[in-house]
Amino acid sequence: MLEFVFGMLTNSALLLFGVFASAAILGIPFNKKNAAVLLAFCIFVNLLQFWFYSDLGLEGARWYYPLHTHLPSLLFFTLHFKRRVPHSIYAILSA
C-alpha cells in the first residue's frame with residue numbers, strides 16, 4: 001500500500017512539472033486562465049492515472065503510461081492551445 005501511495009505522489013509531482021514545463025516550451029503564457037486550465041488538466045490526468053493504477057497496479061499502469069499521460073497531453077496542447085503536433089510532441093518528450 002505504501003508503494004502505491006508513494007508511486008502516486010511521485011507521478012503527481014512529475015505530471016505537474018511535465019505539463020507546466022511543456023507549456024513553457026510551447027510558449028503558452030502563464031496568465032490566471034491558462035494556469036487554471038493547466039491545473040485542471042493535471043487533475044484530470046491524475047484521476048485517469050489513479051484509475052489505471054487501481055485497476056492494473058503500479059507496474060501494470062506503467063506499461064500504459066504513454067496512453068494515459070502523453071496522448072491526452074498531446075491532444076490537449078494541439079486542440080485546446082492550438083499548437084502544432086510536432087511542436088507538442090517535442091515539448092512533451094523534452095519535459
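Here, each number is a calculation from the coordinates, and none is a lab measurement. Everything numeric in this text was worked out from a predicted model, so none of it was measured. Neighbour counts are summed over all protein chains in view; Cβ atoms, including those assigned to glycine, are modelled from backbone coordinates with ideal geometry.
Observations on the model:
- Considering only alpha-carbon pairs that sit under 8 angstrom and 6 or more positions apart, the relative contact order computed for the chain is 40 percent.
- Along its three principal directions, the equivalent ellipsoid of the stretch 2-94 from the Cα gyration tensor extends over semi-axes of 24, 14, 11 Å, largest first.
- Using alpha-carbon coordinates, inclination of helix 32-63 to the longest axis of the chain, degrees: 30
- Tilt relative to the chain, helix 85-94 - C-alpha long axis, 0 to 90 degrees, to 10: 50
- Nearest 10 degrees, 0 to 90: helix 2-25 Cα axis against the chain principal axis: 10
- Sites ARG84 and ALA36 - FRET efficiency at Förster radius 22 Å, r taken between beta-carbons, to 0.05: 0.40
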